[in-house]
């Protein structure tokens, strides 16, 4: 049968590991860490990312991202660091978007100097900034779109064209969009990374990461990754595979609700600013419309000065103040004390991350229930 590109079909059927013994509807879990080296596989071992469950799930994420190969890691940072270390060495240079996940930014500032890797962070990813940052030893361009936590949008086609013209590798953190709302490979991006802890897992109970790319790039990543021990146990691989079967359903619901909530917040007198690419007021709305299937379940907003943030958070009854994002439950956090706390106040200010900014991950609850929860918390936290 010709490959079906329907997201729901891919989420359920791509890379499905069949139960050949009993004919079960779900994939069997191969928990062994010791396999017969004379068997059908070649030196199967969890740290080599090649056990049956690991390989099967890698095929599913690759199909979702329209890539040749996929690999599953123990965390998003394990995936990100494996990509960096596979393609960069001492003396190399990388161009990075400044507005990236705080953990990634911290890894770059903490580890690259020790490794002798040079880097340039640019505020706005446009042709002029990219050309101004290019050096003779530049090897990679790394971006994140939509960005965390301000939901800035980067032009995928522009980045891809620039990189190809200069023989550079491109890599993207696609976590906020999910492969349901954005497939960067279709725009020429080489390597697609996810914190699978977020939308792919979707239930706030799995820590994992993924990488999707060409088979050629994956060989290089694998040769590096197997030395750093960032693999995932097959029990968790199974849980992630199970969760991904509902990925398209969850993300579509979250995206629809988020758009309704963003419109509500934008009109509210106690909200200073809303960052959501689905709003026409978003400065890059048209760009987002051109490269995303929907605008996602993530947004951020700033409270007006008359709102006490701590009281606002305390009075939320449905929305849960918590770390991480993209679960079935709605969550909210202050980036300055969580996701971007590793950055200095000066670095956060440069990125436009204020102390009054809240990042909101919309769950699968009905939009009207979440709006009522927000409205109630706002009314109880106003300094009268």
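The values are calculated or read from the model by the stated rules, or taken from the named source; none is laboratory data. The structure presented is a predicted model; accordingly, all values stated were derived computationally and were not measured. As a convention, Cβ positions derive from the backbone with ideal geometry for all residues, glycine included, and neighbour counts pool all protein chains shown.
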Just checking, does the range 189-199 include any residue being under 12 Å from the mean Cα position of the chain (by Cα), at positive phi and in contact (Cβ under 8 Å) with a residue 60 or more places away in the chain? no
Inside the range 198-222, can you point out the residues that are surrounded by fewer than 24 Cβ atoms within 10 Å (Cβ to Cβ) and more than 17 Å from residue 362 (Cβ to Cβ)? 205, 206, 207, 214, 215, 216, 217, 218, 219, 220, 221, 222
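Residues are listed down the side, and each one gets a yes or a no for (1) surrounded by 12 or more Cβ atoms within 10 Å (Cβ to Cβ); (2) under 22 Å from the mean Cα position of the chain (by Cα):
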{"residue": "8", "(1), (2)": "yes, yes"}
{"residue": "12", "(1), (2)": "yes, yes"}
{"residue": "16", "(1), (2)": "yes, no"}
{"residue": "34", "(1), (2)": "no, no"}
{"residue": "43", "(1), (2)": "no, no"}
{"residue": "47", "(1), (2)": "yes, no"}
Hey, among 273, 260, which residue is surrounded by fewer than 21 Cβ atoms within 10 Å (Cβ to Cβ) and touching a strand residue (DSSP E or B) at 6+ places or on another chain (Cβ under 6 Å)? 273
Please work out if residue 17 is assigned by TED's automatic domain parsing to the domain that holds residue 190 and modelled with pLDDT under 95. yes
Filtered residue count, the range 70-98, keeping only those that are more than 20 Å from the chain's Cα centre (by Cα), part of a loop (DSSP other than H, G, I, E, B) and at negative phi: 4
Check whether at least one residue in the range 99-112 is over 17 Å from the mean Cα position of the chain (by Cα), outside any strand (DSSP E or B) and surrounded by 24 or more Cβ atoms within 10 Å (Cβ to Cβ), and report yes or no. no
Of the residues in the range 113-127, those that are farther than 27 Å from residue 222 by Cβ, modelled with pLDDT of 95 or more and outside any strand (DSSP E or B) come to 125, 126, 127
So the check is Cβ under 7 Å with 6+ separation or different chains; which pairs have a first residue in the range 22-38 that's in the same structural domain as residue 234 (by TED's automatic domain parsing) and a second one that's loosely packed, with under 10 Cβ neighbours inside 10 Å and assigned to a loop (DSSP other than H, G, I, E, B)? 37/43
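In the set 288, 294, 326, which member is in contact (Cβ under 8 Å) with a residue 60 or more places away in the chain and out of contact with any helix residue (DSSP H, G or I) (no Cβ under 8 Å at 6 or more places or on another chain)? Break it down stepwise before answering.
Details: 294 fails: out of contact with any helix residue (DSSP H, G or I) (no Cβ under 8 Å at 6 or more places or on another chain); 326 fails: out of contact with any helix residue (DSSP H, G or I) (no Cβ under 8 Å at 6 or more places or on another chain).
Within the list 288, 294, 326, the selection yields 288.
I need a count of the residues in the range 127-138 that are in contact with a helix residue (DSSP H, G or I) (Cβ under 8 Å, 6 or more places away or on another chain) and either within 25 Å of residue 177 (Cα to Cα) or buried (at least 23 other Cβ atoms within 10 Å of the Cβ) (or both). Lay out the reasoning, then the answer.
Here is the first cut: in the range 127-138, the ones in contact with a helix residue (DSSP H, G or I) (Cβ under 8 Å, 6 or more places away or on another chain) are 127, 130-131.
Subset that is either within 25 Å of residue 177 (Cα to Cα) or buried (at least 23 other Cβ atoms within 10 Å of the Cβ) (or both): 127, 130.
Residues in the range 127-138 being in contact with a helix residue (DSSP H, G or I) (Cβ under 8 Å, 6 or more places away or on another chain) and either within 25 Å of residue 177 (Cα to Cα) or buried (at least 23 other Cβ atoms within 10 Å of the Cβ) (or both): 2 in total.
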Filter the range 372-384 down to residues that are under 23 Å from residue 263 (Cβ atoms) and not in a helix (DSSP H, G or I) and give me whichever is farthest from the chain's Cα centre (by Cα). 382
Taking strands (runs of 3 or more DSSP E) that fall entirely within the range 276-371, which contain at least 2 residues that are surrounded by fewer than 16 Cβ atoms within 10 Å (Cβ to Cβ) and outside the structural domain of residue 204 (by TED's automatic domain parsing)? none
Residues within the range 263-275 that are assigned to a helix (DSSP H, G or I) and either in contact (Cβ under 8 Å) with a residue 40 or more places away in the chain or within 24 Å of residue 201 (Cα to Cα) (or both), tallied: 2
